[in-house]
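**Student:** After the structure tokens below, expect a handful of questions from me.
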């Protein structure tokens, strides 16, 4: 906000506290789920990961969205800058995660079922 | 020379030049691009952590059993509470940071000073908490025994509760002496010996028929496998070669060595970011007090350091998920 708009800048205090409440509630939900670990969530598997873990990851991305959009004020930037930041990260990170987790799972299978003993 | 002036037909358009298409100052944009590259670095670490975890899918430690300490609650099993508290501290310091930025937009020096101060305090508390977390992780609670294959064997009693090495070992079952530099040909000392030798633990284990061994392998219910008394004795006798207490970069009492390595490396790298964040915040804080930005009629520096601070918070949100929750 350096474009000389500093003179009449509206205060966003209300929104800041709203976002804080949202982030706190989401964190609380995560902690409670992490302590209780409800069985129907840990036992149900979706795309080879338990439902509970999916919930954790989705809630994390939800929190990350609020931090980036509200606290880091991405929502106020131009579309071009926002896309340069978000898409670059999202594409590269998704690819990295995909390739490394696939490889990790493959090695796990090799350890488990191959002829070579690794725990001797 | 007028003929050499090329007219592109894009004058006055967004990307036609003489214009700031992204409507962002140089400094802020570069802070963003730094953050993107730093985010990729952290992602690489976390993805590598995921790789190792998938590789040791059935033997990774259960986070709730490792991180279950809370200040002043000794011996109480308190999974997650402490790290949840740390998360709140960091989120709250992010809030005070954004409030400082907001006050900066209104050129309110007193408020910026106050909120910057709170942010720094929050960062320092977080760093202290992390140090305490590391202390617990490094010291460990129960201790374990490692095998020839590099696995960890933990001890439990008949009720399934963990038993510490101190309650098992029979002191004096062996007389292993710490090797000192003055005794050796190469004048190199060895690392401090663990409190108990493997022979002492073995003797104590054999003497107490109540004890069982818990391996690091997870069964179908997601719980660590517990061996029968006979299997435990056989396993301890044939495979156990050393005692491990707490964690270092080579071994830890929780499970695969990589677990400890990644914990130290990722939380350490994040902690280093928090540390530099606090330092930069302090510099900006003094600039605010000195009135540098007041004279400039522009508090954008606060905003830039704020971006970095929020990024540190953002990374913690992911570290929290992948180390403590998933």
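**Student:** Hey, in the GNM for chain B with a 10 angstrom Cα cutoff, which one of B:189, B:207, B:164 fluctuates hardest?
**Tutor:** Greatest mean-square fluctuation among the candidates belongs to B:189.
**Student:** Another question, then. Given a Förster distance of 51 angstrom, what is the FRET efficiency for residue B:65 paired with residue A:11, based on the Cβ-Cβ distance and rounded to 0.05?
**Tutor:** Values: r = 46 Å, r/R0 = 0.91.
Plugging the Cβ-Cβ distance into 1/(1 + (r/R0)^6) gives 0.65.
**Student:** How high is the relative contact order of chain B, in percent, with contacts defined as C-alpha pairs under 8 Å that are six or more residues apart? Please report the intermediate quantities before stating the final value.
**Tutor:** Values: 400 pairs, mean separation 76.9, N = 326.
Computed over chain B, the figure is 24 percent.
**Student:** Given springs between every Cα pair under 10 Å in a Gaussian network model of chain A, which of A:25, A:107, A:99 has the largest fluctuation?
**Tutor:** In this elastic network of chain A, the residue with the biggest mean-square fluctuation among A:25, A:107, A:99 is A:107.
**Student:** What residue among A:26, A:110, A:90 shows peak mean-square fluctuation when chain A is described by a Gaussian network model with Cα springs under 10 Å?
**Tutor:** Largest GNM mean-square fluctuation: A:110.
**Student:** Can you sort B:294, B:180 by how many other beta carbons sit within 10 Å, fewest first?
**Tutor:** Values: B:294 16, B:180 11.
Placing the least packed residue first, the sequence is B:180, B:294.
**Student:** Can you sort B:325, A:96, B:99, A:36 so the residue with the fewest Cβ neighbours within 10 Å comes first? Let's see the in-between values first.
**Tutor:** Details: B:325 21, A:96 18, B:99 24, A:36 10.
Neighbour counts put them in this order, fewest first: A:36, A:96, B:325, B:99.
**Student:** If I fit a long axis through the Cα atoms of helix B:81-105 and take the longest principal axis of the Cα atoms of chain B, what angle between them do I get, 0 to 90°, rounded to 10?
**Tutor:** Approximately 10 degrees, to the nearest ten.
**Student:** Taking only Cα atoms, what is the 0 to 90° angle, nearest 10, from helix A:13-36's long axis to the longest principal axis of chain A?
**Tutor:** The angle comes out near 20 degrees.
**Student:** If you find the alpha carbon centre of the stretch A:41-71 and of the stretch B:88-142, how far apart are they in angstrom?
**Tutor:** Distance between centres, Cα-based: 25 Å.
**Student:** Counting other C-beta atoms within 10 Å, which of B:261, B:102 has the fewest, and how do the rest follow?
**Tutor:** B:261, B:102
**Student:** FRET efficiency for residue A:75 and residue B:207, Cβ-Cβ distance as r, R0 = 60 Å, nearest 0.05? If you can, show how the numbers build up before the last one.
**Tutor:** On the way: r = 66 Å, r/R0 = 1.11.
According to the calculation, E is roughly 0.35.
**Student:** With an 8 Å cut-off on Cα pairs and a minimum separation of 6 or more residues, tell me the relative contact order of the stretch B:144-245 in percent. Show your work: numbers first, answer last.
**Tutor:** Numbers: 152 pairs, mean separation 37.0, N = 102.
This gives 36 percent for the stretch B:144-245.
**Student:** While we're looking at this one, here's another question. Which angle from 0 to 90°, rounded to the nearest 10, does the C-alpha axis of helix A:79-113 make with the longest principal axis of chain A?
**Tutor:** Taking the Cα atoms of chain A, the angle to A:79-113 is about 10 degrees.
**Student:** Please report the spacing between the Cα centers of the stretch B:171-234 and the stretch B:288-316 in Å, no decimals.
**Tutor:** That distance is 53 Å.
FYI, it's all coordinate maths here, none of it is from the lab. These numbers come from a predicted model, not from an experiment. Positions of Cβ are backbone-derived with ideal geometry, glycine not excepted, and every protein chain shown enters the neighbour counts.
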